[in-house]
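Presented below is the structure to which this report refers.
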Amino acid sequence: MAMRLFQALAGLMLLCCSALPTRANPPPDKILDQRHRFDIHVQPLSGALRQLSAQTGVRILFPYEEVSAIRSRRIDGWMTTGQALQKLLAGTHLRMTQTSAGVIALAAPSRATARQSPLSFQLSQAASPPPPVTDPTPIIVTGTRLVTRTVADSMTPIDIVSARDLEANGRQSVRDLLGALIPAINVSNSGAGASFAIKTLSLRGLAGDHLLVLVNGKRRHNSATLFINGTTQNGQSPPDLDLIPSNMIERIEVLRDGASAHYGSDAIAGVVNILLKSDSRGGASVMGGGTADGGGEQGRFQVDKGFAIGPGTIHLAADGVLQGRTIRGGPITSSLYFPGDPREATADRMRNKPGQPQVSGLNLAYQAVMPLGASELYTHGTWSRRRADAYLTYRPPNSILSIPDIYPEGYIPHLFIQDRDSQVTGGLRGDGPAGFRYDLSTSYARNQGRYSEQSLNVSLGPTSPTRFFLGAVTATEWTSNVDVQRDVQLGLAAPLLLAIGAEYRENGYRIVAGDPTSYADGGYRSPAGAPFAGATRTPGAQGVTGFTRDSAGQYRRHNWSAYLNLEQKIANGFEIALAARHEDYSDFGATNIWKVSTRIEPAPGLALRGTVSTGFRAPTLQQRHYASSSTIGVLFPGETTTRLAPVRALRVNDPVAIAWGAQPLKPERSTNLSAGLVLAPVPRISLAIDAYQIRIRDRILLSGTLSALPDATRARGYNALGELLLAAGLDPVQSGFYFSNAASTRTRGVDMVATWRADMGTLGQALLTLSGNINRTIFTRLDVPPVLAGIGVDLIDRARQGDITKGTPRSKIIANLNWTRGDAILNLRATRYGSMTQVAARTVTVDGVTYYPDDRITPKLIFDVEYSHRLAAGVRLAAGANNLFNIYPTKLSAINQGTSGFALYNSYAPYGISGGYYYGKLSLAF
């Protein structure tokens, strides 16, 4: 099977290589009339001319000293070679002539040319391409409508992750790549139950739903699955970045600042904008590896290629992955069998299988552009299928959650998730009358998660089936945009950029019920004389219970918005930007948000920047309507170890939630402040420091687990939470949690990025980057519903508070060295993660001592390395390691480990619990 798979992959690579188009050289008199898709950033004109030559195949002769002192314009879009040259040369006094051999010669006025030496002329020729142009100040398109703004002169902090950064990394998922490269981003690896396959991003310590994801500047859809039963990112359903092929990405821009006034809901922490490839180049790679301590084998195959379609282009990419599971549990320390069973003495106690899930998936993507006169049609999209499975907590034969007649040795619920995802965007953009530029677009997306499980329903007794369809969730999103902008001359240092636009969005959410046996209460009681005789059994499938008919439903909403952006350079060294947006939701009403940014450059190499903005995030349909039940570990009052119990995720309109004080959800609102300093004291060295504060009011959080339990010491036989349910006519023994707006938070922190580009002569070139983030979140308000306050119960309990304030690293520092010499490239990265703490919800008493069993992860230093070597033109071989020294997070205390062996390492660690990963990769470029 493995050999056939390898032969199939090799055949696909050969097919892609053989499909390379050949291009005949055009006649000399036609070379300026050839149309191309240009993407040339602002830089010295000499570098821009080299890029034009590389993109067109035209040979250009120019006076180097004259040209290198001139800064080029931004050239982007479809046009002829002649038009692109005219734009580059506008205002330079350079004259262009064409020789009979098809060479373009540029000349300065005669009085200047007379002073040039013959060595000061350079020939740029695509047939013998110059070294790649590395632009230290790339053009950005995120957080601004201006098409000539660079990272260096941005009014807000932006990180650029290039295709080269993506390639020099064993982490091939977009999510893990961003977490490894950007200190302000952390990855949550601790989903459980139906959300174990989803990992979320946290920017500046906020939630995944506070980070807006764009693809080519267009909104990316959220996941249908709600991240639940996890840790720091509980209650979120952000976009799943693993479903975008990394080999389709040209670059990623990460805006570390609030941008709701630009893009609408969700952009409270910032924006990730993924820009796709649109050129005619191609490549393929095969990567394989595994972990140091076994398991986690991964194979990944990627291929992409661009093709000409008449005057247009299309770029295609495919990404296939196979990932094996890791098992990182401990021994079961409690008994497995009933007293007197001889199997107890020789039983295998390593039965749990915690760790990363087993995953197989295929992601496809495309981008196509077709010029139409002064405009162009464009479309891009992604399509994904993924299957993931993981084991939950083992149920021994002597548990009330087991039926020995079906599973004599106990069982582990085995959960399967099938994801189906797609998004297609299309539009028309170009130049309109009166100097206006327009962009009309529409996008439709659909994400579905289907859940099934192998376990049993103990309430059905020995007749229980062992396989269940648990149900499905589906989220859809349809977004349409109209964007118009133009330059307005006001007689200042630069034209005013005026941008206006509108957006209409429809969201849908559907929950499909599972098989009746996946949630039914069969009422089974063990017969007299048998273990647990007469005891009530938990209804529904063990592990994750199926969606009930009451949970199922279909929900919709729509909203529209309009915005205005103004960007003006008042004078050299001083510019300002204003943004305002009106949002109107069908279920939450209207709101107005705004942003003011400025940048001052008092001296060359020194700039100050700052922003003030407000933000807004509407509750997702998932947060309003999701309802489920899972059997998870719960630490009940008075007990010293967790035990498995059914816990429900409650809608706010569920009668149980209402009895416990739930209220309808309302939007979050935020205020962002940031101030930064940018230094470039000498060539090749830069430093940026940005401080920020983010206040979020009415923050949407899941409550702690509320448990209504029997209590023989009370008159009615139940604890206070049970009495509230009893008074409402509900079952007084159950556990659950629900969403609320009961909290407000304040986040403060500092980002720092320093770079040094070193030319070491015969030793090669090096790029050294030192970046870091220090971050702290506190609660400024914690409300408790009156019904809970009256009985002394907190809604947002100590554990949930700790997830927000201590669940992500207090600091994260990354030092990265990228060294190139000839055919060799070495990338070495060291990341220091600050401490994190798993905070306990309640106290335990052990040996007469009462305390909170908090578990702290000590700071860890993680090394990643990759070395690659070019074997031949277009062929590169690489070997590397993520977590080179096989570092694990701190082990949990005995209290938090419990007796099952499932929880051994602290799952709050953003670098996971699987240890070091080591890989090899073969890459082709064509």
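The values are calculated or read from the model by the stated rules, or taken from the named source; none is laboratory data. Note that the structure is predicted; figures quoted are calculated from it, not measured. Cβ sites come from the backbone with ideal geometry, for glycine too, and all protein chains shown count toward neighbours.
Listing for the model above:
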| item | result |
| --- | --- |
| Hey, Gly501 assigned to a helix (DSSP H, G or I) and farther than 30 Å from Asp419 by Cα or not | no |
| Subset tally (residues that are free of Cβ contacts under 8 Å to residues at least 60 places away in the same chain, buried (at least 18 other Cβ atoms within 10 Å of the Cβ) and among the small types (Gly, Ala, Ser)) for the range 693-724 | 2 |
| Single residue of the range 884-916 satisfying the filter (of a type in the set (Val, Ile, Thr), surrounded by fewer than 20 Cβ atoms within 10 Å (Cβ to Cβ) and closer than 19 Å to Phe863 by Cβ) that is farthest from the chain's Cα centre (by Cα) | Thr890 |
| Counted residues, the range 731-750 - those being modelled with pLDDT under 95 and either within 24 Å of the chain's Cα centre (by Cα) or outside any strand (DSSP E or B) (or both) | 3 |
| Residue list for the range 385-421, filter: out of contact with any Ser or Thr (no Cβ under 7 Å at 6 or more places or on another chain) and polar (S, T, N, Q) | Ser399, Ser402, Gln418 |
| Selected residue [buried (at least 18 other Cβ atoms within 10 Å of the Cβ), within 21 Å of Gln302 (Cα to Cα) and among the hydroxyl-bearing types (Ser, Thr, Tyr)] from Tyr919, Tyr867 | Tyr919 |
| Any hit, the range 725-746, residues being of a type in the set (Asp, Glu) and within 30 Å of Asp654 (Cβ to Cβ) | yes |
| From Asn457, Asn447, Asn481, residue being at pLDDT 95 or above, within 30 Å of Ala530 (Cα to Cα), buried (at least 20 other Cβ atoms within 10 Å of the Cβ) and in contact with a Ser or Thr (Cβ under 6 Å, 6 or more places away or on another chain) | Asn457 |
| Residue under evaluation Arg821, criteria (1) surrounded by 15 or more Cβ atoms within 10 Å (Cβ to Cβ); (2) touching a Ser or Thr at 6+ places or on another chain (Cβ under 9 Å); (3) of a type in the set (Lys, Arg); (4) touching a residue at least 40 places away in the same chain (Cβ under 8 Å), criterion not met | (1) |
| Filter result for Ile887 (assigned to a loop (DSSP other than H, G, I, E, B), touching a Pro at 6+ places or on another chain (Cβ under 8 Å) and among the β-branched types (Val, Ile, Thr)) | no |
| Filter result (out of contact with any helix residue (DSSP H, G or I) (no Cβ under 7 Å at 6 or more places or on another chain) and closer than 19 Å to Asp483 by Cβ) within the range 569-596 | Ala577, Leu578, His582, Glu583, Asp584 |
| Qualifying residue in the range 649-664 (condition: part of a strand (DSSP E or B) and touching a Gly at 6+ places or on another chain (Cβ under 8 Å)) | yes |
| Residue check, Ile825 in a strand (DSSP E or B) and either within 21 Å of the chain's Cα centre (by Cα) or among the polar types (S, T, N, Q) (or both) | no |
| Unique residue being part of a strand (DSSP E or B) and surrounded by fewer than 18 Cβ atoms within 10 Å (Cβ to Cβ) when the list is Ile632, Ile593, Ile600 | Ile600 |
| Candidates Thr762, Thr777, Thr850, filtered to the one that is assigned to a helix (DSSP H, G or I), assigned by TED's automatic domain parsing to the domain that holds Ala180 and among the hydroxyl-bearing types (Ser, Thr, Tyr) | Thr762 |
| Search result, residues across the range 281-326 that are under 13 Å from Lys921 (Cβ atoms), among the polar types (S, T, N, Q) and touching an Asp or Glu at 6+ places or on another chain (Cβ under 9 Å) | Ser285, Gln302 |
| Among the candidates Gly523, Gly540, residue that is surrounded by fewer than 16 Cβ atoms within 10 Å (Cβ to Cβ), at pLDDT below 95 and in contact with a helix residue (DSSP H, G or I) (Cβ under 7 Å, 6 or more places away or on another chain) | Gly523 |
| Condition check for Leu706: of a type in the set (A, V, I, L, M, F, W, C), within 17 Å of Asp654 (Cα to Cα) and in contact with a Leu (Cβ under 7 Å, 6 or more places away or on another chain) | yes |
| Subset of the range 543-568 [in contact with a helix residue (DSSP H, G or I) (Cβ under 6 Å, 6 or more places away or on another chain), crowded, with 19+ Cβ neighbours inside 10 Å and assigned to a strand (DSSP E or B)] | Val544 |
| Flag for Thr845 being over 22 Å from the mean Cα position of the chain (by Cα), assigned to a strand (DSSP E or B) and without any contact (Cβ under 8 Å) to a residue 24 or more places away in the chain | no |
| Conditions (1) over 30 Å from Asn741 (Cα atoms); (2) buried (at least 16 other Cβ atoms within 10 Å of the Cβ): number failed by Ala799 | (1) |
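This table checks each residue for (1) in a strand (DSSP E or B); (2) in the same structural domain as Val473 (by TED's automatic domain parsing); (3) within 18 Å of Thr466 (Cα to Cα).
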{"position": "Glu344", "(1), (2), (3)": "no, yes, no"}
{"position": "Glu376", "(1), (2), (3)": "yes, yes, no"}
{"position": "Ser384", "(1), (2), (3)": "yes, yes, no"}
{"position": "Ser402", "(1), (2), (3)": "no, yes, yes"}
{"position": "Glu409", "(1), (2), (3)": "no, yes, yes"}
{"position": "Leu440", "(1), (2), (3)": "yes, yes, no"}
